[in-house]
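Worksheet: the structure to be examined is printed underneath.
The values are calculated or read from the model by the stated rules, or taken from the named source; none is laboratory data. Keep in mind the model is a prediction, meaning the values are calculated, not measured. Here the Cβ positions follow ideal geometry from the backbone for every residue, glycine too, while neighbour counts run over all protein chains shown.
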């Protein structure tokens, strides 16, 4: 069983395609790195998958008792379940009581061994998972392995593959290397991986634009204050960006001159999701839609000095499963009603 497991990889190399519509809007060459096509539906498959493979390899040949545990009811939890199934292991997810039935159903449909609701917050769910559930599993003889959502070197190593793939894929389509890679920030795993990958490639001249929504902008506020901060609460609708505090590594990268942070509103993210679905034919959640929103809003030229028709910008379409046609329609309708009454 062990030798078979270690030949499987729970993530894929994703396509890099040019968007002619976004290129026309931006006045430069805009490419989309389609992380929404990962097995779990988001870039989380890379980091979480790499982390789980590393932990599994450390167990040696006998992996029959390995049981992964994750306290994310969002995309990290889904990535954990998908990776566990691919690697032939079990995965239990603990989520707070506030987690939607929509996401709980997705976790169960993906093949989770169990999905447990516990606690009023992520912290309470995580405390129950690590302090009670995993200890009980160990007393029964399981090898219980904790899976963090974003704060681990193995996770950043997995996300770094995005930069490496872009560097391989770009030359086939254009003679110009990216002047900028744009991606979203929640806990900071994606940002940490992308910048680490650029360092590996000695591509520090490539700018990185870190995008957040207002009300989930823990990195932007930390960079402005030049110290890590903890948001009192997440007030953005983009709940999968809902890390009240980014990881230390992301904060350190955020202070680099190479990295710019930008904050957009939920309304801009909603409008971008609708337009992106219409023009690019991909339905993405708000935390992903805020990335093309930077282009649609005209902010790109402010963020990248000297941007011209030959410039290359890569948007990391991070994906995410917390969306449906009905949910997007609800967001659009609610936003229109709010605008009408204000």
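Just checking, does region 84-97 include any residue being farther than 22 Å from residue 141 by Cα and in contact (Cβ under 8 Å) with a residue 60 or more places away in the chain? Yes, that holds for at least one residue.
I need the full set of residues from region 96-110 which are surrounded by 13 or more Cβ atoms within 10 Å (Cβ to Cβ) and closer than 19 Å to residue 41 by Cα, in order please. Explain how you work it out, then say what you get.
Filtering region 96-110 down to residues surrounded by 13 or more Cβ atoms within 10 Å (Cβ to Cβ) leaves 96, 98-100, 102-104, 106-108, 110.
Scanning region 96-110 gives 99, 100, 102, 103, 104, 106, 107, 108, 110.
Do we have residue 42 as closer than 30 Å to residue 302 by Cα, within 19 Å of the chain's Cα centre (by Cα) and at pLDDT 95 or above here? Answer is yes for this residue. Residues in region 134-151 that are under 26 Å from the mean Cα position of the chain (by Cα) and modelled with pLDDT of 95 or more were compared, and the one that is surrounded by the fewest Cβ atoms within 10 Å (Cβ to Cβ) is 146.
Report whether or not residue 63 is farther than 26 Å from residue 192 by Cβ and touching a helix residue (DSSP H, G or I) at 6+ places or on another chain (Cβ under 9 Å). Before you say what the answer is, go through the steps one by one.
Details: farther than 26 Å from residue 192 by Cβ: yes; touching a helix residue (DSSP H, G or I) at 6+ places or on another chain (Cβ under 9 Å): yes.
Answer is yes for this residue.
Once region 4-20 is narrowed to residues that are farther than 14 Å from residue 314 by Cα and surrounded by fewer than 18 Cβ atoms within 10 Å (Cβ to Cβ), the residue that is farthest from the chain's Cα centre (by Cα) is 4. Tell me, yes or no, whether region 285-301 has at least one residue that is crowded, with 23+ Cβ neighbours inside 10 Å, assigned to a loop (DSSP other than H, G, I, E, B) and under 21 Å from the mean Cα position of the chain (by Cα). Yes. Say whether the condition of being crowded, with 17+ Cβ neighbours inside 10 Å, at pLDDT 95 or above and in a loop (DSSP other than H, G, I, E, B) is met by at least one residue in region 267-278. No: region 267-278 contains no residue that is crowded, with 17+ Cβ neighbours inside 10 Å, at pLDDT 95 or above and in a loop (DSSP other than H, G, I, E, B). Here residue 219 meets each of (1) in contact with a helix residue (DSSP H, G or I) (Cβ under 6 Å, 6 or more places away or on another chain); (2) surrounded by fewer than 22 Cβ atoms within 10 Å (Cβ to Cβ); (3) farther than 20 Å from residue 42 by Cα with one exception, condition (2). Under the condition of being touching a residue at least 40 places away in the same chain (Cβ under 8 Å) and over 19 Å from the mean Cα position of the chain (by Cα), the residues counted in region 314-327 number 2.
Going by the conditions given, is residue 323 part of a loop (DSSP other than H, G, I, E, B) and either modelled with pLDDT under 95 or surrounded by 12 or more Cβ atoms within 10 Å (Cβ to Cβ) (or both)?
Numbers: part of a loop (DSSP other than H, G, I, E, B): yes; either modelled with pLDDT under 95 or surrounded by 12 or more Cβ atoms within 10 Å (Cβ to Cβ) (or both): yes.
Considered against the rule, which asks whether it is part of a loop (DSSP other than H, G, I, E, B) and either modelled with pLDDT under 95 or surrounded by 12 or more Cβ atoms within 10 Å (Cβ to Cβ) (or both), residue 323 comes out as yes.
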